[in-house]
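Student: One structure is given below, represented as structure tokens, and several questions about it will come after.
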Amino acid sequence: MEKEEVRIGVYVCKCGSNIAGLLDVEALAEYASTLPNVVFAPWNLYTCSDVGLDEIKKGIKEQNLNRVVVASCSPRTHEPLFRSVCGEAGLNPYLFEMVNIRDQCSWVHVGHEEDAMVKARDLIRMGVAKAALLKPQEIIVSEVEVKALVIGSGIAGLTAATTLANRGFPVILLEKEKELGGMLRSLYKLAPMDADASEVINEKIKEAEDNPNIEIYTGATIDKVEGFIGKFNVTFSANGTSKDVRLGVVIIATGAGNLVPEGLYQYDGEKVITQWELEGKLKSGKIDANNVVIIQCVGARSPERQYCSRICCAIGIKNAILIKEMNPEARVHILYRDLMMYGVENEDQLRKAKELGVRFVKYDPERPPVVEENKVTVFHHLMGKELEIPQEMVVLSTPLVGTEDGVKVGNLFRAGLDQNNFFLEAHVKLKPLDCATDGIFICGSAHYPKNVRESILQALGAASRASIPLSQGEVKIEPIVTTLVNKDACRGCGLCVALCPYNALEIKETDEGRKVNIITVACKGCGVCAATCFRHALGINSFTDEQIQAQIHGFLAA
């Protein structure tokens, strides 16, 4: 069989001033045209624009290209776009290679134009060397079990579950408590809409309970998780019984907990309480204090918890307004470090609180307020002196915190958590509702502290993302995955299985002995297994040893 002639087209992008502000793009394109197997090497102003994409299609057809290299920006953001364009032009999308001369060159070497040009030529030369050895790949297709699991029944979980169910998808809703509703069951009013929290959540609960597509289990715990997107196998216990279910997608809405400020500001749960405990008093109408001091940022923005909980300022001001409306004669002081009242409606709440007579005092975290028997002492940095504020009740605004239940769920589903035990998104801009493991989505305060509106919006987004594989009935996986390149070399030691972060490998007994089996749908092509295998039995499609070696030789050929 006659060997195919390799014909590579290299497209060098100016990307406006992002690349052309430092690099001589025309010179790079001219250099690329001198490389082995390169038959076409134009430059574009913006290769990702409609004009630039049309140029790629045109070049593939008119120049009979069977490999394409684009030297531009980040593959993470633009590689799927360029691959799809190659596919539209009739070229296998995986005969495409991308070279990052923006992030890895022009952006990081400002002021070193000559060195940057040398590096850009090296990167292009390496990309061309690898492209010559690329092989066509086929998309991996796997069926999806058309059923969703939603974990958590707060406002986010209920919204996600009813949204999916209203689209006709079967949903299993798990709640660890005996009642549905999450935090909103214990809150009084929701600002800025001044809605009754119980009415809002009860309406959502009724909607879920009345929906025939939703199975609800309370007092539930998840015991075991296996599988991957489209084919998750989950074992859970509820009310003394165990149940196994097959699912296509999972939405995590486990919420967050409230920090109990033990050892801070004389907290005792009676005279010094948290905002959470104040909600209960407001709900029952039992506010008998005429002098109330609210202290913000208690246990947050500290060495132990460096993050801002975002919603504490709004809650503190909302509750100060409620206290003043219940008792106009009450004197309410809010001691704050900074005010996080984002949005027009929250700013209106701040103005309303000031109009009602709520007093605001900014304190220095280096000189925090001191709670005493009947007063709070705070240094007023604008007046330059200590203030003594009478108090009959002190309210501490504490942050939302990640929970142990969330950690357990995260570990079971291999969904990443940050240092504060909130769930991490796969990418803050590209996949803000997805976990790193395909088929698992997040919403609500399990992701980060959020108000009710934000939780609802994120739940709608997560349900929308989850409904894509459910509605299609199948998932398409990029074929950049692990392959068993040398079956005879595999001894079935299991080292690769132990190290795989995605549960994409398993050891099976075969007629030839213990061998590794690759679950391609679960594989993300990270390469840990291939790098670990001392027998060189495993490899990665489009990142073979031969291709990597070609890049190295290409670099050394300068």
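The values are calculated or read from the model by the stated rules, or taken from the named source; none is laboratory data. All figures in this text were calculated on a predicted structure; none of them were measured in a lab. For neighbour counting, all protein chains shown are included, and Cβ atoms are generated from backbone atoms with ideal geometry for every residue, glycine included.
Student: Hey, which of the helices (runs of 4 or more DSSP H) in region 446-558, taking only ones fully inside, have at least 3 residues that are under 29 Å from the mean Cα position of the chain (by Cα)? Walk me through how you get there before you give the answer.
Tutor: Details: elements: 452-472, 495-499, 528-532, 545-556.
It comes to 452-472, 495-499, 528-532.
Student: Residues to consider are K178, K204; find the one that is crowded, with 17+ Cβ neighbours inside 10 Å, in the same structural domain as V234 (by TED's automatic domain parsing) and of a type in the set (K, R). Outline the logic, then answer.
Tutor: On the way: K178 fails: crowded, with 17+ Cβ neighbours inside 10 Å.
Residue meeting the stated conditions: K204.
Student: Hey, can you tell me all the residues within region 25-48 that are over 11 Å from G9 (Cα atoms) and in a helix (DSSP H, G or I)?
Tutor: V25, E26, A27, L28, E30, Y31
Student: Quick one: what pairs do we get from region 214-233, first residue touching a residue at least 24 places away in the same chain (Cβ under 8 Å), second surrounded by fewer than 19 Cβ atoms within 10 Å (Cβ to Cβ) and among the β-branched types (V, I, T), C-beta under 7 Å, 6+ apart or different chains?
Tutor: K224/T235; F228/I519
Student: From (1) closer than 22 Å to Q306 by Cβ; (2) in contact with an Asp or Glu (Cβ under 9 Å, 6 or more places away or on another chain), pick out the condition that doesn't hold for V395.
Tutor: That leaves (1) as the condition not met.
Student: What are the residues in region 157-197 that are closer than 23 Å to L278 by Cα and either in a helix (DSSP H, G or I) or among the aliphatic types (A, V, I, L, M) (or both), if any?
Tutor: Result: L180, G182, M183, L184, R185, S186, L187, L190, A191, M193, A195, A197.
Student: Then there's this: If you take the residues in region 327-339 that are closer than 23 Å to L282 by Cβ and surrounded by 17 or more Cβ atoms within 10 Å (Cβ to Cβ), which one is nearest to the chain's Cα centre (by Cα)? Lay out the reasoning, then the answer.
Tutor: Narrowing region 327-339 to residues closer than 23 Å to L282 by Cβ: 327-336, 339.
Still in the running and surrounded by 17 or more Cβ atoms within 10 Å (Cβ to Cβ): 330-336, 339.
Details: A330: 43, R331: 43, V332: 39, H333: 37, I334: 34, L335: 33, Y336: 30, L339: 26 Å.
For region 327-339, the residue satisfying everything is L339.
Student: In contact (Cβ under 8 Å) with a residue 40 or more places away in the chain and not hydroxyl-bearing (S, T, Y): which single residue out of V108, V146, V85 fits that description? First the steps, then the outcome.
Tutor: On the way: V108 fails: in contact (Cβ under 8 Å) with a residue 40 or more places away in the chain; V85 fails: in contact (Cβ under 8 Å) with a residue 40 or more places away in the chain.
Result of the check over V108, V146, V85: V146.
Student: Another one. Of the residues that make up region 29-38, is at least one in contact with a Leu (Cβ under 8 Å, 6 or more places away or on another chain) and in contact (Cβ under 8 Å) with a residue 12 or more places away in the chain?
Tutor: Initially, region 29-38 is screened for residues in contact with a Leu (Cβ under 8 Å, 6 or more places away or on another chain), giving none.
So far as region 29-38 goes, no, none of its residues is in contact with a Leu (Cβ under 8 Å, 6 or more places away or on another chain) and in contact (Cβ under 8 Å) with a residue 12 or more places away in the chain.
Student: Here are E404, E386: which of them is over 23 Å from the mean Cα position of the chain (by Cα) and surrounded by fewer than 16 Cβ atoms within 10 Å (Cβ to Cβ)?
Tutor: On the way: E404 fails: over 23 Å from the mean Cα position of the chain (by Cα).
After applying the criteria, what remains is E386.
Student: Next question, about the same structure. Given the residues V376, V361, V407, V395, which is the only one that is in a strand (DSSP E or B) and within 30 Å of T254 (Cα to Cα)?
Tutor: Values: V376 fails: within 30 Å of T254 (Cα to Cα); V361 fails: within 30 Å of T254 (Cα to Cα); V407 fails: in a strand (DSSP E or B).
Within the list V376, V361, V407, V395, the selection yields V395.
Student: Determine, yes or no, whether V250 is outside any loop (DSSP other than H, G, I, E, B), touching a residue at least 24 places away in the same chain (Cβ under 8 Å) and either assigned by TED's automatic domain parsing to the domain that holds Y448 or over 21 Å from E366 (Cβ atoms) (or both). Explain how you work it out, then say what you get.
Tutor: Details: outside any loop (DSSP other than H, G, I, E, B): yes; touching a residue at least 24 places away in the same chain (Cβ under 8 Å): yes; either assigned by TED's automatic domain parsing to the domain that holds Y448 or over 21 Å from E366 (Cβ atoms) (or both): yes.
Spelling it out, V250 is indeed outside any loop (DSSP other than H, G, I, E, B), touching a residue at least 24 places away in the same chain (Cβ under 8 Å) and either assigned by TED's automatic domain parsing to the domain that holds Y448 or over 21 Å from E366 (Cβ atoms) (or both).
Student: Of the conditions (1) surrounded by 17 or more Cβ atoms within 10 Å (Cβ to Cβ); (2) closer than 20 Å to A462 by Cα; (3) not hydroxyl-bearing (S, T, Y), R246 fails just one. Which one is it?
Tutor: For R246, the failing item is (1).
Student: What is the one condition in (1) closer than 28 Å to G269 by Cβ; (2) of a type in the set (S, T, Y); (3) modelled with pLDDT under 95 that Y448 does not satisfy?
Tutor: (3)
Student: Something else about it: Just to be sure I understand the filter: pairs with C-beta atoms under 7 Å, separated by 6 or more residues or on different chains, first member in region 391-407 and not assigned by TED's automatic domain parsing to the domain that holds Y267 and among the β-branched types (V, I, T), second member at pLDDT below 95 and in a helix (DSSP H, G or I). Which pairs pass?
Tutor: Partner pairs satisfying both residue conditions: none exist.
Student: Determine whether Y217 is out of contact with any Gly (no Cβ under 9 Å at 6 or more places or on another chain) and under 17 Å from T162 (Cα atoms). Lay out the reasoning, then the answer.
Tutor: On the way: out of contact with any Gly (no Cβ under 9 Å at 6 or more places or on another chain): yes; under 17 Å from T162 (Cα atoms): yes.
Judged against the criteria, Y217 is a match.
Student: With the requirement that a residue be modelled with pLDDT of 95 or more and either not in a strand (DSSP E or B) or not assigned by TED's automatic domain parsing to the domain that holds F360 (or both), what does region 282-298 give you?
Tutor: Across region 282-298, the qualifying residues are Q296, C297, V298.
Student: Related question: Kindly evaluate R67 against the criterion of being touching a helix residue (DSSP H, G or I) at 6+ places or on another chain (Cβ under 6 Å) and of a type in the set (K, R). Before you say what the answer is, go through the steps one by one.
Tutor: Details: touching a helix residue (DSSP H, G or I) at 6+ places or on another chain (Cβ under 6 Å): yes; of a type in the set (K, R): yes.
Yes.
Student: When you scan region 6-19, how many residues do you find that are under 23 Å from F96 (Cβ atoms) and either free of Cβ contacts under 8 Å to residues at least 24 places away in the same chain or aromatic (F, W, Y) (or both)?
Tutor: Going through region 6-19 one residue at a time, the tally reaches 1.
Student: Would you confirm, using the coordinates I've provided, whether E325 is more than 21 Å from E392 (Cβ to Cβ) and assigned to a helix (DSSP H, G or I)? Spell out the reasoning first.
Tutor: Working: more than 21 Å from E392 (Cβ to Cβ): no; assigned to a helix (DSSP H, G or I): yes.
In short, no.
Student: What is the number of the single condition among (1) in contact with a helix residue (DSSP H, G or I) (Cβ under 6 Å, 6 or more places away or on another chain); (2) among the hydrophobic types (A, V, I, L, M, F, W, C); (3) more than 24 Å from I540 (Cα to Cα); (4) in contact (Cβ under 8 Å) with a residue 40 or more places away in the chain that L470 does not meet?
Tutor: Of everything listed in (1) in contact with a helix residue (DSSP H, G or I) (Cβ under 6 Å, 6 or more places away or on another chain); (2) among the hydrophobic types (A, V, I, L, M, F, W, C); (3) more than 24 Å from I540 (Cα to Cα); (4) in contact (Cβ under 8 Å) with a residue 40 or more places away in the chain, L470 misses just condition (1).
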